[in-house]
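The values are calculated or read from the model by the stated rules, or taken from the named source; none is laboratory data. Keep in mind it's a predicted model, so treat the numbers as computed, not measured. Quick reminder, even Gly has a Cβ in these numbers, built from the backbone with ideal geometry, and neighbours come from all protein chains shown. Surface accessibility is based on the protein's heavy atoms, side chains included, excluding ligands, DNA and RNA. Shrake-Rupley method; radii C 1.70, N 1.55, O 1.52, S 1.80 Å.
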Amino acid sequence: MQTCANATTVAFQGLEARRVEVQVQLTPGTGAIVIVGLGDKAVSEARERVRAAFASIGLAIPPGRLVVNLAPADMPKEGTHYDLPIALAMMAAIGALPHDALDGVVCFGEVGLDGSLAAAPGALPAAMAAHGMGAAFVCPEVCGSEAAWAGGEVLAAPSLLSLVNHFRGGAALKPPERGDLIAGAGVPDLRDVRGQEQAKRALEIAAAGAHNLLFVGPPGAGKSMLAQRLPGLLPPLASEELLEVSMLHSVAGLLERGRLTRTRPFRAPHHSASMAALVGGGLRAKPGEISLAHQGVLFLDELPEFSQQALDALRQPLETGQVLIARANHHVTYPARILLAAAMNPCRCGGGGVGVGACRRGPRCAIDYQARLSGPLLDRIDIQLDVPPVTAADLALPPPPEGTAEAAARVLRAREAQSGRGAGLNAVLDQPSLEKIATPDAPGAALLAKAAESLALSARAYHRTLKVARTIADLDGSDGVRRIHVAEALSLKRQWAGAEQPGFAKVS
Ligand SMILES: Nc1ncnc2c1ncn2[C@@H]1O[C@H](COP(=O)(O)OP(=O)(O)O)[C@@H](O)[C@H]1O
Ligand SMILES: [Mg+2]
Ligand SMILES: [Zn+2]
């Protein structure tokens with residue numbers, strides 16, 4: 001009998017799946033299974049699941065001491081997907097599998113007490129890593145349609161026994177089929193929104209230049225309805241984006257039946273969501289909502305109701321396109337290139353300053369509420385717009401002639417113009433590129449200078465206006481930024497109560 005055996009699996013560091021060798025050795029001694037190699041609680045519990053699974057399929061573990069080492073031993077390992085490589089390496093060590101069965105395969109999956117195999121998060125990136133190593137990927141049947149997207153050889157098995165049969169040359173397992181690829185399903189149309197022409201235009205501009213946006217308006221104005229229509233205006237995910245987004249959702253355990261979608265993500269966490277849910281992390285390192293919105297839209301409704309900690313945590317991904325999560329003994333990063341759409345009432349009680357349902361507590365109410373948002377956060381939001389209450393007359397209008405399809409086509413053309421210049425999307429232009437490609441013509445420059453003075457624009461607000469004007473020009477198919485583009489960009493600037501914007505408010 002062979003007393004040593006190896007199986008290969010992976011450990012996740014963010015989205016990266018690193019190779020891990022599971023080494024099993026049967027030595028004389030007391031009848032114990034010992035797992036070493038920096039595993040978390042789920043890894044050490046593999047022992048009990050595997051022991052029970054062996055018993056239920058009638059596989060006796062010979063007397064002795066089984067040592068399982070997960071190498072490299074200094075790399076932290078989290079999750080239940082180590083069950084299967086541990087079980088298979090043990091089987092090989094005790095002679096229940098041919099000794100070369102595990103050569104050139106990467107094993108991944110959770111083992112049930114009855115010997116069945118269950119899903120574990122991360123099958124897609126794990127299968128891609130296996131493909132990269134030139135190895136076949138062995139996983140639970142339920143992960144097969146997801147793993148098949150990696151393009152390599154995949155063996156998906158319902159149970160330990162079916163794998164044993166396969167490796168012994170009995171009933172061979174069939175390769176799984178890829179899950180479905182869905183395009184454009186279930187995205188609500190812009191045509192449903194009556195009136196609110198300026199807000200709809202703001203959505204189109206936001207989508208075209210990747211500008212973060214904030215809607216300020218009373219309850220019922222249609223802010224949420226508008227924001228939900230933003231993903232439909234963005235171009236469908238390109239192939240590499242699709243894979244990266246799907247990998248994130250895989251690691252979070254959210255890819256159902258291996259189904260991938262080209263529609264950009266839309267995530268709308270509630271303001272009471274925990275930091276772990278928003279940013280990522282928790283008991284096991286997992287992407288949070290900010291990362292799940294990668295390449296799509298993160299919608300934060302009632303923005304000032306989010307905790308200060310949560311709002312601060314947004315700044316890093318908005319600046320770098322990544323989230324860094326501190327773990328006990330290491331760091332994990334996940335991609336988080338998001339388009340932020342936020343909404344808020346003008347004041348805590350809802351109504352704000354004007355019209356029916358206006359706040360009776362005076363401007364102080366709005367100023368205090370708005371002061372919860374920091375200047376640095378608002379600096380990252382190029383479009384800040386008032387959304388007035390929707391009128392009965394607007395609601396009685398017939399559906400507008402143009403909807404999502406027409407606006408999305410204009411967005412696509414504007415994005416092509418941006419990629420043609422090679423300086424990136426307008427929202428992320430640095431100052432030199434901005435000067436080079438967004439300097440307005442003389443009338444535009446004069447208008448901007450006048451507005452900068454009369455509105456007391458900060459340097460940052462000035463640059464935000466220029467970026468938005470550049471996008472408006474791109475939507476217009478115009479090489480240069482003209483007065484009309486600057487004028488529209490200025491019309492998308494909200495007048496904050498008491499100051500140019502909160503965070504810089506002079507308290508009177
Ligand atoms: N402009 C609009 N056109 C059509 N329906 C609207 C409009 N604005 C609001 N509604 C209706 O009112 C409901 C509430 O709008 P919602 O987007 O939740 O408002 P808010 O987020 O500003 O509080 C929507 O579900 C929709 O049925
Ligand atoms: Mg709402
Ligand atoms: Zn109020």
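Here the simple spin-label model places points 7 Å from the Cα toward Cβ, and for residue 75 and residue 181 these points are separated by 3.0 nm. FRET efficiency for the pair residue 391 and residue 431, taken as 1/(1 + (r/R0)^6) with r the Cβ-Cβ distance and R0 = 25 Å, rounds to 0.05. With all protein chains in place and ligands, DNA and RNA left out, the 1.4 Å accessible area ranks 99, 270, 81 as 99, 270, 81, largest first. If R0 is taken as 30 Å, the Cβ-Cβ distance between residue 239 and residue 16 corresponds to a FRET efficiency of 0.95. Summarising the label geometry, the points placed 7 Å from Cα in the beta-carbon direction at residue 45 and residue 172 lie 3.8 nm from one another.
Using a probe of 1.4 Å on the protein chains alone, the accessible area found for residue 338 is around 30 Å².
Only beta bridges with both residues in segment 4-167 are counted; by DSSP, about 60 percent of them are antiparallel.
Using only side-chain charges placed at the Cβ, +1 for Lys and Arg and -1 for Asp and Glu, the dipole size of the chain relative to its Cα centre rounds to 1000 debye.
Taking N as the residue count of segment 232-280, its C-alpha radius of gyration divided by 2.2 N^0.38 Å amounts to 1.28. The per residue volume of the convex hull around the alpha-carbon atoms of segment 389-496 is 131 Å³. Placing pseudo-labels 7 Å out from each Cα toward the beta carbon at residue 165 and residue 442 gives an inter-label distance of 8.5 nm.
Can you classify segment 190-491 as rounded, prolate or oblate using the Cα gyration tensor, where a ≥ b ≥ c are the square roots of its eigenvalues, rounded means a/c under 1.5, and otherwise it's prolate if a/b beats b/c and oblate if not? Verdict is rounded for segment 190-491. Kirkwood Rh over Cα pairs of the chain into Stokes-Einstein at 4 °C, 1.567 mPa s: D in µm²/s? Calculated translational D: 51 µm²/s. Only protein heavy atoms count here; under a 1.4 Å probe, residue 462 has an accessible surface of about 80 Å². Between the alpha-carbon centres of segment 273-298 and segment 63-93 there is a gap of 29 Å. Solvent-accessible area of residue 439, all protein chains in place: 80 Å² (probe radius 1.4 Å, heavy atoms, ligands and nucleic acids excluded). Annotation: amide H of residue 137 within the under-5 Å range of 106, 153, 154, 155, sequence separation 5 or more or interchain, hydrogens built in the peptide plane.
Within straight-line reach of residue 286, meaning a Cα separation under 13 Å, sit the following aspartates and glutamates at least 8 residues removed in sequence or on another chain: 16, 78.
When 379, 301 are compared by accessible area at a 1.4 angstrom probe, the order from most to least is 301, 379. For segment 70-81, the Karplus equation 6.51 cos²θ - 1.76 cosθ + 1.60, evaluated at θ = phi - 60°, returns couplings of 9, 10, x, 6, 9, 9, x, 10, 10, x, 9, 6 Hz by residue, with Gly and Pro reported as x.
When 344, 225 are compared by accessible area of protein heavy atoms, the largest-first order is 225, 344, using a 1.4 Å probe.
Taking the DSSP bridge list for the chain and keeping only pairs wholly inside it, about 45 percent are antiparallel. Database remark: amide H of residue 286 closer than 5 angstrom to the amide H of 281 (H placed geometrically; neighbours at sequence offset of 5 or more, or on other chains; Pro and chain starts carry no H). Restricting the calculation to Cα atoms, segment 166-306 yields a radius of gyration followed by a Dmax of 18.6, 68 Å. Computed with a 1.4 Å probe over protein heavy atoms only, the accessible surface of the chain comes to 43 Å² per residue.
Taking a ≥ b ≥ c as the square roots of the eigenvalues of the Cα gyration tensor, an a/c ratio of 1.5 or more together with a/b larger than b/c marks segment 133-235 as prolate.
Size descriptors for segment 1-113: radius of gyration and Dmax over Cα atoms are 13.0, 40 Å.
In this structure, the amide hydrogen of residue 322, modeled 1.01 Å from its nitrogen in the peptide plane, lies closer than 5 angstrom to those of 336, counting only residues at least 5 positions away or on a different chain.
The trypsin sites (Lys or Arg not before Pro) of segment 278-361 meeting both criteria, a DSSP state outside H, G, I, E and B (loop) and at most 11 other C-beta atoms within 10 angstrom of the site's C-beta, are 360.
Please report the spacing between the Cα centers of segment 346-408 and segment 1-58 in Å, no decimals. Using only Cα atoms, the two centres lie 56 Å from each other. Among 447-455, 480-488, sorting by the average number of other beta carbon atoms lying within 10 angstrom of each residue, highest first, gives 480-488, 447-455.
Segment 446-491 and segment 211-252 have Cα centres lying 25 Å from one another.
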